[in-house]
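Below: the structure, in structure tokens.
The values are calculated or read from the model by the stated rules, or taken from the named source; none is laboratory data. Quick caveat, the model's predicted, so the values are computed rather than measured. Glycine gets a Cβ as well: all are built from the backbone with ideal geometry, and neighbour counts include every protein chain shown.
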Amino acid sequence: MYKDQAQRGGGKNRFYQRRKICRFCVDNGMEIDYKNPKGLKQFITERGKIIPRRITGTCAKHQRKLSLAIKQSRQIALLPFVGRPPQ
Amino acid sequence: MRKYETVIISDPDLQDQARTELFDKIRNVITREDGIFLYLDDWGNKKLAYEINKKLRGHYTCLTYGGTGGLVKELERNLGLNDDVMKFMTILLSTDVTAQSLAQEAKDIEDAKTASEAAAANVDDGEETEKDTGQEQAAPEAETAEPEPAEPVTSVQN
């Protein structure tokens, strides 16, 4: 009984998740460029790790391009390999 | 032929003259290896995300050119030998470009540059007499006509 309710998403403590959308698919003007560290900074943590797409909602195609751009950006010291840990 | 882009981080304490010499040397490598130099984008001194050679700042320059894999190899070898170059990275932009299309692109860039310079000059002299602006409008046409003889030279290289 209880289980059924949880699966349907009903009940008091139901977990509601908004559908995430890829930011690059929505905005065509938004480009993934390794020369623009400001744009890439939104997709890395303070530690400098690449944020997984299950969290950012980026589509697979763009996540591939994004991770490549971040790695290239790190190579020429525009982004850190290891950032400062959050205080 | 392929189109490449190389980002070069050079010593921030380098004098202007030494830097122009460095990039003249790099351009010589490109022409020597039958490459086509497209343009050079100077980003200036920037803070580095991490230390390179115990330095926290670097002078960024982005170089775009067309050439073959051999050119990239030779260019990177030269960059590695140079002490003023702290770090560099080459990126492949496109694989299917011909010498003609690159020459055309180089020409377009030059045309755009002269056009923007002429436009800037027009803005500066905007308040002067009509006679002056008329002369300047004629000038860019003469300038755009100039790069055309460059094309047959590149086709000979083919």
>> Could you tell me how many of the residues in the range B:70-94 are within 14 Å of chain A (Cβ to nearest Cβ) and not polar (S, T, N, Q)?
In response: 10
> Of all helices (runs of 4 or more DSSP H) completely enclosed by the range A:24-87, which ones contain at least 1 residues that are within 14 Å of chain B (Cβ to nearest Cβ), more than 15 Å from B:ILE91 (Cβ to Cβ) and at pLDDT 95 or above?
Replying inline: none
>> I need the helices (runs of 4 or more DSSP H) fully contained in the range B:52-158, keeping only those with at least 1 residues that are surrounded by 14 or more Cβ atoms within 10 Å (Cβ to Cβ) and at pLDDT below 85.
In response: B:99-124, B:130-145, B:150-157
> Only one residue in B:PHE23, B:PHE37 is in contact with a strand residue (DSSP E or B) (Cβ under 8 Å, 6 or more places away or on another chain), over 30 Å from A:ARG84 (Cβ atoms), part of a strand (DSSP E or B) and of a type in the set (A, V, I, L, M, F, W, C). Which one?
Replying inline: B:PHE37
> Across the range B:41-69, what is the total count of residues that are more than 14 Å from chain A (Cβ to nearest Cβ) and farther than 20 Å from A:LYS35 by Cα?
Replying inline: 3
> Of these, B:LEU38, B:LEU22, B:LEU14, which one is away from every other protein chain (no Cβ under 14 Å), more than 19 Å from B:ASP83 (Cβ to Cβ) and surrounded by 12 or more Cβ atoms within 10 Å (Cβ to Cβ)?
Replying inline: B:LEU38
>> What's the total number of residues in the range A:24-72 that are out of contact with any helix residue (DSSP H, G or I) (no Cβ under 9 Å at 6 or more places or on another chain) and farther than 21 Å from A:PRO85 by Cα?
In response: 8
> Out of (1) of a type outside the set (Ser, Thr, Tyr); (2) touching a His at 6+ places or on another chain (Cβ under 7 Å); (3) crowded, with 20+ Cβ neighbours inside 10 Å, the odd one out for B:ASN45 is which?
Replying inline: (3)
